[in-house]
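Have a look at the structure below before the remarks.
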Amino acid sequence: MKTRAFDNLTTDALEQQLVELESFVSQARARQVELVREAEHRQAPLSDGCRSLGEWTAGRLDIAPETAKELVAATRMLADQPELEEILTAGRSSFDRILATAHLTGAGASPQQVELSSGLDIPAVRRLTAQHRRITRHQEYRIFAERFLMLQPTLDCSAVRVWGQLPGPDGDLVEQALHTRGDQFPLLPDGTRRSLGQRNADALVSIAQDSLTTSSDDATPSRPVLSVFTNGDLAATSHGQAGSITSTGIQVGMQTIEEILCGGSVEHTVITAGQPIVMGRTTRVIPPRLKRFILYRDGACCADGCTSRYRLEPHHRVPWSQGGQTNPDNLVTLCWYHHHVVIHQMGYQIKPKSTPQRLRFTPPGHDPP
Ligand SMILES: [Zn+2]
Ligand SMILES: [Zn+2]
């Protein structure tokens, strides 16, 4: 058997090596700080056609813009605080610690406060810095004026990009709301959680959905919150892979159409030979009385272990596209998360043999046993 390279390394020795290496990193950073400063002195970025020292540094070192920005900030801040640069050159503190301390001093903290900050971890030093940093009314107006939130369809119109900037407290509030909502969602059927980014995205969609419908378990929302149009001819020749878009032109695939046919708050219009045929509400969607009965019969989400009553929706165990009927035997109640996210968007399937009130799932890509 091959011996592993670390078999003789104790955990103490491992830790010591890591710390020693960090000291080398500090020394290397200190030297880079000196050299970047010299490059600026020689106006190297300008003569190379770069707009800024940061841009030049990022390009020459092939590092991320934010890393370059930190390095450039260090060259300037440490020029005013030579005692910190000495510590870095000697490798006695990490680069991050030196930067955090330099920012704290730069924000106007007293020498005693800076001294005390050595006992804090780096996030705490940053918080302390934020407390000291002055912000004028004028700056506050500017921060608020620069707020924005944009939604833009991707080139192929299959997704929408969201980005923006909020004033700090508003951003905090939005983040808290997303985390609170995201934490209410159950685990995935395999017991794992989705990534933070995915939970935030699900939370945002569910909050938006709530704001468009009055009651969270309203069996018959008064109006659809979204309209999907299907060109029947295109859909027929492409097995449903083409032909469906929302009123704003966003492309919709079979997964979403199947969810619509389960009877959510989406209106679906099929157009054949130029004539609209309203589907769902009038023909395929579960009649409100039946929907109320299914929700009453099941009481909560039927996914095994899930007790959520958030936005309960009936789901066709055998989908319409596979000949499933709208009758009580083929309908089960699921919470929004299990219905929208787990089944219709992630593609989990209900195990055919699972008990109606304790549904188990097969991950996407596996044939149900
Ligand atoms: Zn469904
Ligand atoms: Zn559920």
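How big, in percent, is the set of alpha carbon pairs in region 304-369 lying more than 19 Å apart? Before the final figure, lay out each step's value.
Details: 567 of 2145 pairs.
Distances greater than 19 Å cover 26 percent of the Cα pairs.
For region 306-316, take each phi angle, set θ = phi - 60°, evaluate the Karplus expression 6.51 cos²θ - 1.76 cosθ + 1.60, and give the result in whole Hz per residue in order, putting x for glycine and proline.
8, 10, 5, 10, 6, 6, 5, 9, x, 10, 7
If you check each cysteine of the chain for another cysteine whose beta-carbon is under 4.7 Å away, which ones come up empty?
50, 157, 262, 302
Any idea what angle helix 11-41 forms with the longest principal axis of the chain, computed on alpha-carbon atoms, 0 to 90 degrees, nearest 10?
The two axes meet at around 70 degrees.
Would you grab the residues whose amide H sits under 5 Å from the one on residue 238? Only those 5+ places off in sequence or on another chain, please, with H modelled 1.01 Å from N.
Distant-sequence amide H within range of residue 238: zero hits.
Using a ≥ b ≥ c from the Cα gyration tensor of region 15-76 (square roots of the eigenvalues), is it rounded, prolate or oblate, where a/c under 1.5 gives rounded and otherwise the larger of a/b and b/c decides, a/b for prolate? Walk me through the numbers on the way to the answer.
On the way: a/c = 3.10, a/b = 2.16, b/c = 1.43.
Prolate, because a/c is 1.5 or more and a/b exceeds b/c.
State, to one decimal in nm, how far the label point of residue 300 lies from the label point of residue 318, with both points 7 Å from Cα in the Cβ direction.
3.0
Do you know the relative contact order of the chain, to the nearest whole percent, from alpha carbon pairs under 8 angstrom that are 6+ apart? Before the final figure, lay out the partial values.
Numbers: 435 pairs, mean separation 31.9, N = 369.
Once normalised by length, the contact order is 9 percent.
Against the longest alpha carbon principal axis of the chain, how many degrees, from 0 to 90 and to the nearest 10, is the axis of helix 95-106 turned?
80
What number, rounded to the nearest 500 deg cm²/dmol, is the helix-based mean residue ellipticity at 222 nm of the chain, given -39500 (n - 2.57) per DSSP H run of at least four residues and division by all its residues? Please list the in-between numbers first.
Details: 14 runs with 165 residues, N = 369.
Mean residue ellipticity, 222 nm, calculated: -14000 deg cm²/dmol.
If each of residue 156 and residue 120 carries a label point 7 Å out from its Cα toward its Cβ, how far apart are those two points in nm?
If labels sit at residue 156 and residue 120, their model points lie 4.8 nm apart.
Please report the accessible area of residue 346 (heavy atoms, 1.4 Å probe, ligands and nucleic acids excluded) in Å², nearest 10.
Looks like 60 Å² after rounding.
Under 17 Å Cα to Cα from residue 351, which aspartates and glutamates show up? Leave out anything in the same chain fewer than 8 places away.
Cross-link targets: 190, 304, 329, 367.
How much net charge surrounds residue 90 when only the other residues with a Cβ under 15 Å from the Cβ of residue 90 are counted, with Lys and Arg +1 and Asp and Glu -1? Write out the running numbers ahead of the final one.
Working: positive: 29, 31, 92, 97; negative: 20, 22, 34, 83, 85, 86.
Local net charge: -2.
Assuming 0.36 nm per residue, please report the length gained on full extension of the stretch residue 180 to residue 237 beyond their Cα-Cα distance.
Working: separation 57, 0.36 × 57 = 20.52 nm, distance 4.40 nm.
Length gained, residue 180 through residue 237: 16.1 nm.
Residue 228's amide H: which non-local residues (gap 5+, or another chain) put their own amide H closer than 5 Å, with H modeled 1.01 Å from N in plane and none for Pro or chain starts?
Amide H neighbours of residue 228, under 5 Å, 5+ apart: 267, 268, 269.
Just to be sure I understand the model, the point goes 7 Å from the Cα along the line to the Cβ. What's the resulting residue 31 to residue 131 distance in nm?
A separation of 3.9 nm, rounded to one decimal place.
I want the local charge near residue 104. Using Cβ-Cβ distances under 11 Å, sum +1 for each Lys or Arg and -1 for each Asp or Glu among the other residues.
Numbers: positive: 97, 126, 127, 133; negative: 115.
Result for the neighbourhood of residue 104: +3.
Classify region 151-212: rounded, prolate or oblate, from the alpha-carbon gyration tensor (a ≥ b ≥ c, eigenvalue square roots; a/c under 1.5 rounded; otherwise prolate if a/b is larger than b/c)? Walk me through the numbers on the way to the answer.
On the way: a/c = 1.83, a/b = 1.14, b/c = 1.61.
Taking the square roots of the gyration eigenvalues as a ≥ b ≥ c, region 151-212 is oblate.
Accessible area per residue for the chain in Å², computed with a 1.4 Å probe and the full protein assembly in place, what is it? All intermediate terms of the calculation are to be shown ahead of the outcome.
Working: 23150 Å² over 369 residues.
Heavy-atom SASA per residue in the chain reads 63 Å².
Across region 11-135, how large is the tail of the calculated P(r) beyond 21 Å, expressed as a percent of all Cα pairs? Each step should come with its number before you reach the end.
Numbers: 3512 of 7750 pairs.
Taking all Cα-Cα pairs of region 11-135, the fraction more than 21 Å apart is 45 percent.
Please check: in the Gaussian network model of the chain (C-alpha springs, under 10 Å), which one of 67, 11, 213 has the largest mean-square fluctuation.
Top of the fluctuation ranking is 11.
Sort 343, 207 by heavy-atom solvent-accessible area, probe 1.4 angstrom, most to least. Don't skip to the end; give the middle numbers.
Values: 343 15, 207 60 Å².
Final ranking, largest accessible area leading: 207, 343.
How much length is gained on full extension from residue 201 to residue 351, taking 0.36 nm per residue of separation minus their Cα-Cα distance? Before the final figure, lay out each step's value.
Numbers: separation 150, 0.36 × 150 = 54.00 nm, distance 2.71 nm.
Gain in length upon complete extension: 51.3 nm.
Taking all protein chains in place and a 1.4 Å probe, what share, in percent, of the accessible surface of the chain do carbon and sulfur account for?
On the way: 12700 of 23150 Å².
That share works out to 55 percent.
In degrees from 0 to 90, rounded to the nearest 10, what is the angle of the helix 168-184 Cα long axis to the longest principal axis of the chain?
Tilt of helix 168-184: around 50 degrees.
Out of 60, 133, 199, any idea which swings most in a Gaussian network model of the chain, alpha carbons joined below 10 Å?
Its mean-square fluctuation being the largest, the pick is 60.
Once you list every other residue whose beta carbon is under 10 Å from the beta carbon of residue 199, what net charge do they have if Lys and Arg are +1 and Asp and Glu are -1? Mind showing how you got there, number by number?
Working: positive: 181, 193, 194; negative: 183, 202.
Result for the local shell: +1.
How would you classify the chain from its alpha-carbon gyration tensor, with a ≥ b ≥ c the square roots of the eigenvalues: rounded for a/c under 1.5, else prolate if a/b is greater than b/c, otherwise oblate?
Working: a/c = 2.47, a/b = 2.07, b/c = 1.19.
Judged from the Cα gyration tensor, the chain comes out prolate (a/c at least 1.5, a/b above b/c).
The values are calculated or read from the model by the stated rules, or taken from the named source; none is laboratory data. Predicted model, so just to flag it, every value in this text is computed and none were measured. Quick reminder, even Gly has a Cβ in these numbers, built from the backbone with ideal geometry, and neighbours come from all protein chains shown. The accessibility values were calculated without ligands, DNA or RNA, using every heavy atom of the protein model including side chains. Shrake-Rupley method; radii C 1.70, N 1.55, O 1.52, S 1.80 Å.
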